[in-house]
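Down below is the structure, laid out as structure tokens.
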Amino acid sequence: MAEIGPSLLPDSIPLDYSRGHPLLFHFLGSSWILIFGSGFFSMHFFALTITIGFLFTAVALLKTFENDQVTFWVTLLLCIQPLFVAQASIVLPEMLLATLTLCSIYFYVKGRTLLYICFGVLTILTKETGILIIGAIALYDFIKNIAEKRSFIEIIKSGFIYICPILALVAHMIYLKAVFGWYLYPEHTGLIKSDINRVIIAFSSTIKDQVWNQWRFLITVPFILLYGYHIVLKKNFASIVFIIISILISLYFNTFYGNHFVITVLYILFAGHFAIERFIKGKEREKIILLFFIFIIIYCLFSAANFYTVRYLLSTFLYILFIPIYFLLTDSVFKKYIPYLFIVFVPLFIFELLNPKAVNDVNLSYLSYCPLQMEAVEFLEENEWYKERINTKFLMYIALTDDKAGYRKTSETFENVNGGKESREAIYIFNNVELDERRDNFNGDLLKRFEMNHVWFEIWKEKE
């Protein structure tokens, strides 16, 4: 986009790049390039600038709870999470989406309606999923107005104000229909899940990936145990029934859908119970916790029903960490000891951050992946296999065929890369970021293996 000039129009760059998405991130990135250049440091500093904006806004929102201890621990524990750190300087739109989502919530909380509308529109112009925070805020505002016994006219007026940023998505979809003949990118709509069981399993994964993986069970398990104890201490029939039903539901899902459903269901039920309790009985500033919970559920359900990858959860990650941390520090029976527990957790989280075992883009393993991919491309260039039939997955396909990717050292292109399609090819490139089941029983000779930390690439030649 920097070559043709910054633009927000979906047809300003090829569909292979835009996939029909709104292009605010590309617009900002190309504008940055025109000013600061497209060097490696420049582009990653562009992404890091967005992350810094996220942190400043997060602190501003957390300060509305008027508890410095909560602000400190939520911010610190967020900043040492592998998911957050890994995405902090990657040139992808997820951090911008998370930042603008946070700004929309912040200005809603502060009652700055015009700024809320502006940032709501910007959120949608970053990615279609920006509509979810608008829907969550509109639903929360409706519930709040009903609870406050506002008049019907006031409820309708307020609802229209808070839902109006959706008009940006309507305009975007109308433009797509006029230019391309469809409202949403067909390849994406084809990925929507229709099987309810698959959606349930994926939904559990969206929660588990945030509350359990990368040692986050250190926060989640104390929350579940102490919140259960918190409910039991009330010593009333409804509380005991809620605990029993919660356990039975979690065991049911765990039996039929596999491991971690106990944790997933208990987190959702207890976090939801806490959010509702704070909305009904808490201080005015605590009511907004219900908005956090509503947004988590809506966003994770949407992610589960569509194509899902963990980095997409960056928009809900702050709030899913906030709820247990806030309870542990403010309402748990052992709240005065919780900071000491967190002090113990900090080095454990840092160890997990610096020693990733899994290989993906939600931890620092990509620091090994990129150099290895460059070595693999260089190996192919040294052997001058530009006309060889090559089979590989998406990321390596881009590295070999896209001039703008920056992996090739020569101007020559690899002419016969089929990008992972099923066919018989001469050269196969496997790696453990994009796993390929064909490697398990592959009939060929290993030509070269590149390995760094837990990441590896292999180049094979198929036998005749």
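The values are calculated or read from the model by the stated rules, or taken from the named source; none is laboratory data. Since the structure is predicted, the reported quantities are computational estimates derived from the model, not experimental observations. As a convention, Cβ positions derive from the backbone with ideal geometry for all residues, glycine included, and neighbour counts pool all protein chains shown.
Taking the numbered list (1) under 33 Å from the mean Cα position of the chain (by Cα); (2) under 15 Å from Gln373 (Cα atoms) in turn, Asp440 passes all entries but (2). Of the helices (runs of 4 or more DSSP H) lying entirely inside segment 1-92, those containing at least 3 residues that are polar (S, T, N, Q) and modelled with pLDDT of 95 or more are 40-63, 68-79. Being in a helix (DSSP H, G or I), of a type in the set (Ser, Thr, Tyr) and without any contact (Cβ under 8 Å) to a residue 40 or more places away in the chain is a description that does not apply to Tyr267. The single residue among Pro347, Pro371 that is touching a strand residue (DSSP E or B) at 6+ places or on another chain (Cβ under 7 Å), in a helix (DSSP H, G or I) and surrounded by fewer than 16 Cβ atoms within 10 Å (Cβ to Cβ) turns out to be Pro371.
Specify the residue that is nearest to the chain's Cα centre (by Cα); the eligible residues are those in segment 68-101 that are within 17 Å of His44 (Cα to Cα) and among the polar types (S, T, N, Q). This residue is Gln87.
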